[in-house]
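Enquirer: Below: one structure in structure tokens.
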Amino acid sequence: MSETFPSQPEVSRPTMIDVARRAGVGLGTVSRVVNGGHGVRDETAQRVRAAIDELGFQRNEVARALRPGKKSTSLALVLGDLTNPFYASIAKASLEVAGQSGFAVVLGSVDEDPEGEKRAIQELVSRQVAGLMIVPDQGDHAFLQGAGVPVVFVDRPATGIDADIVMVDNEGGGRIAAEHLLEQGHERIAIILAPSYYTIGRRLRGFRRAHRAAGIEVDESLVIQLPEGNAEAAEKATREVMLRTDPPTAIFSSTNFLTEGVLRALGELGREPAVVGFDDFRLADMLPTPVTVVASDIAELGRSAARLLLDRASGADTRPPQRIVLPCALIERGSGERPPGSAGKRSSR
């Protein structure tokens, strides 16, 4: 079962989050009142119903069809653009794990929209899902306090709530990328950064750590923060930095999309600095010079998150919130092993 939530629904339609704010209660309390659940004091329930009447809130028809007290066999996964292979891998892996336990997964794609994410989550809570897996945006997630279902965050932690998180070692990945280039003799290494989400900030931190350990100062003019995290922005920035009078001899690209833009610009310019990308991408090993990457098991992010959520939902795991960090590894293929002197010319092969 898959569903994409619209990023721009009618702003006049009140949500359960609006009801919770008006009544001064948690989202889970509103959900129980709306769906006929138990465990809410009469006084609180009356306050919630008054807020519903004042706002004109109407619950989702799918939630209306659910019988009170029925145990849900659905999990929810809220993430970004499903055309991104990163998110698609997470979704596929979590679906497989959930399916093996007899659970379905409802997908919500909100593409880094904080308000859209809130609306998607309240919709999913109204459907009485057994738990939520969320790749969080940069907004405050305190509204999830008291949601009444377990929550596992994927890829990056959230603010405003203490909950389980499954993520990759972004700082370690940034460090091993820079270490590798420094070991090849590079001292002028550009780093191309997507807009600074938690993961990108940690990759930059690892990049800086490797330089400090090597006793080499980072050239701040080569720390390039892009306005958008797409290939086009990376292509433009790469072209500009390589046309300087003192271009870098190596480039570390902080995401797979950016790596594509970096390679396109270098191909047009006929330049061959060393290149290391973060995250593998399709056909990276099939290019004339295969691309060296820092890779992690993205599918395992989805599997680990789904397993943890299922254990939480069943009551099998009652530990305090867990932080699971998956390792990264460098895959040497050729582009990251070019010596410093190769940056200004194309190979003759």
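The values are calculated or read from the model by the stated rules, or taken from the named source; none is laboratory data. As the structure is a computational prediction, the values presented were derived from the model and not from experiment. All Cβ positions, even for glycine, are placed from backbone atoms using ideal geometry, and neighbour counts span all protein chains on display. With ligands, DNA and RNA removed, areas are computed over all heavy atoms of the protein, side chains included. Shrake-Rupley method; radii C 1.70, N 1.55, O 1.52, S 1.80 Å.
Enquirer: Working out 0.36 nm times the residue gap between ALA329 and GLN100, then minus their Cα-Cα distance, what length gain in nm do you get to one decimal? Before the final figure, lay out each step's value.
Expert: Working: separation 229, 0.36 × 229 = 82.44 nm, distance 2.90 nm.
Result: 79.5 nm gained on full extension.
Enquirer: So, one more: How much length is gained if the chain between THR159 and VAL223 is pulled fully straight, taking 0.36 nm per residue apart and subtracting their Cα-Cα distance, in nm to one decimal? Working shown, then result.
Expert: On the way: separation 64, 0.36 × 64 = 23.04 nm, distance 2.64 nm.
20.4 nm is the gain from fully extending THR159 to VAL223.
Enquirer: Give me the number: length gained by fully extending GLU183 to ALA142, i.e. 0.36 nm times residue separation minus the C-alpha to C-alpha distance, one decimal in nm.
Expert: Difference between extended and current length: 10.4 nm.
Enquirer: If the chain were replaced by its equivalent ellipsoid, with semi-axes equal to the square roots of 5 times the Cα gyration tensor eigenvalues, what would those be, largest first, whole Å?
Expert: 46, 19, 17
Enquirer: Related question: Apply 1/(1 + (r/R0)^6) to the Cβ-Cβ distance of SER89 and GLU43, taking R0 = 51 Å, and write down the FRET efficiency to the nearest 0.05.
Expert: E between SER89 and GLU43, to the nearest 0.05, is 0.60.
Enquirer: Probe radius 1.4 Å, ligands and nucleic acids ignored: give me the carbon and sulfur share of the accessible area of the stretch 262-308 as a rounded percent.
Expert: About 54 percent, which is the carbon plus sulfur part of the accessible surface.
Enquirer: Show the residues, 5+ positions off or on another chain, whose built amide H is closer than 5 Å to the amide H of ASP280.
Expert: Placed amide hydrogens put SER296 under 5 Å from ASP280.
Enquirer: Still on this structure: For the stretch 219-349, would you read off the P(r) tail past 19 Å as a percentage of all alpha carbon pairs?
Expert: Tail of P(r) above 19 Å: 56 percent of Cα pairs.
Enquirer: With a Förster radius of 30 Å, plug the Cβ-Cβ distance of LEU269 and ALA214 into 1/(1 + (r/R0)^6) and report the FRET value to the nearest 0.05.
Expert: 0.60
Enquirer: When all protein chains stay in place, what accessible area (Å², nearest 10, 1.4 Å probe) is found for ASP162?
Expert: 120
Enquirer: Ordering TYR198, TYR87 by how much accessible area each has at a 1.4 Å probe, largest first, what is the list?
Expert: Numbers: TYR198 60, TYR87 20 Å².
The most accessible residue leads, giving TYR198, TYR87.
Enquirer: A follow-up question, please. Just to verify a number: what accessible area does ASP164 come out at with the full protein assembly present, 1.4 Å probe, Å² rounded to tens?
Expert: 10
Enquirer: With a 1.4 Å probe and all protein chains in place, put GLU332, GLU179, GLU171 in order of accessible area, largest first.
Expert: Numbers: GLU332 120, GLU179 60, GLU171 40 Å².
Heavy-atom accessible area, descending, gives GLU332, GLU179, GLU171.
Enquirer: Measuring from label point to label point, each 7 Å out along Cα→Cβ, what is the THR73 to ARG319 span in nm?
Expert: Each label point is offset 7 Å from its Cα along the Cβ direction, giving 2.9 nm.
Enquirer: Which one of MET167, MET133, MET286 has the biggest mean-square fluctuation once the chain is modelled by GNM with Cα springs under 10 Å?
Expert: So, out of MET167, MET133, MET286, the one fluctuating most is MET286.
Enquirer: Compute the relative contact order of the stretch 241-349 as a whole-number percentage, counting only Cα pairs closer than 8 Å that sit 6 or more residues apart in sequence.
Expert: 36
Enquirer: A further question follows. Kirkwood Rh over alpha-carbon pairs of the stretch 83-142, then Stokes-Einstein at 37 °C and 0.692 mPa s: what D in µm² s⁻¹, rounded to an integer?
Expert: Approximately 261 µm²/s, per Stokes-Einstein.
Enquirer: Right, another one. With the contact rule set at Cα under 8 Å and sequence spacing of 6 or more, what percent relative contact order holds for the stretch 163-249?
Expert: Answer for the stretch 163-249 is 35 percent.
Enquirer: Let me ask something additional. Nearest 500 deg cm²/dmol is fine: what mean residue ellipticity at 222 nm does the chain get from its DSSP H runs of n ≥ 4 alone, each adding -39,500 (n - 2.57), divided by its residue count?
Expert: -12500 deg cm²/dmol
Enquirer: Can you give the angle from 0 to 90° between the axis of helix 298-314 and the longest principal axis of the chain, with both taken from C-alpha atoms, to the nearest 10?
Expert: Tilt relative to the chain: about 20 degrees.
Enquirer: How much accessible area per residue does the chain have, counting only protein heavy atoms and a probe of 1.4 Å, in square angstrom?
Expert: In whole numbers, the chain has 46 Å² accessible per residue.
Enquirer: As an exercise, use a Förster radius of 45 Å and the Cβ-Cβ distance of ARG282 and ASP53 to find the FRET efficiency, rounded to the nearest 0.05.
Expert: 0.30
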